[in-house]
1. Considering only the other residues whose Cβ falls under 12 Å of the Cβ of residue 75, what net charge follows from Lys and Arg at +1 and Asp and Glu at -1?
2. For an R0 of 35 angstrom, estimate the FRET efficiency from the Cβ-Cβ distance between residue 50 and residue 6 and round to the nearest 0.05.
3. Take the Cβ-Cβ distance between residue 59 and residue 90 as r, set R0 to 25 Å, and report the resulting FRET efficiency rounded to the nearest 0.05.
4. Kindly rank 60-68, 76-84 from highest to lowest mean number of other beta carbons found within 10 Å of each residue.
Amino acid sequence: MAAPAYPAWVTRWVSGQWRNKKRPPTLRPARTLALADKVANRREQGTEATCITEMSVMMACWKQNDFNDAPCAEEIRMFYDCVAKAEKERKSQNEDTLSSRGNLPSSKVNKLLKRFPQITRYV
């Protein structure tokens, strides 16, 4: 296998050979290298709709019975049970500090940055 062919400037940079024996260019950041005071609030994950089937059955029952709750008591109970179960799962999922990718959600990052602010000046 042949060695990869790099551009000439990469070879000069790695070997330290520069025109007129100048030092390599320094990389200066546009801003100071410090964390911001907060991060953008992003939706961590697209939440999917829950209990759609139960809601559809409940509304169909209402429509058949002229929006009377008495004949649809079983469908209403099934819908509320599903909502309670989904809410319980959502709360237990929110208690986990890390998401599935191992990143903190933006709300928790903002809380930490507020708790431990950046030192912008030396005492």
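None of the figures in this text is laboratory data; all of them are computed from the coordinates on show. Not measured: the values here are computed from a predicted model. So basically every Cβ, Gly included, is an ideal-geometry build from the backbone, and we count neighbours across all protein chains shown.
1. On the way: positive: 63, 77; negative: 54, 69, 74, 81.
It works out to a net charge of -2.
2. Values: r = 54 Å, r/R0 = 1.53.
Here the calculated transfer efficiency is 0.05.
3. Details: r = 23 Å, r/R0 = 0.91.
Efficiency at R0 = 25 Å is approximately 0.65.
4. Working: 60-68: 11.9, 76-84: 14.7.
Going from most to least packed, we get 76-84, 60-68.
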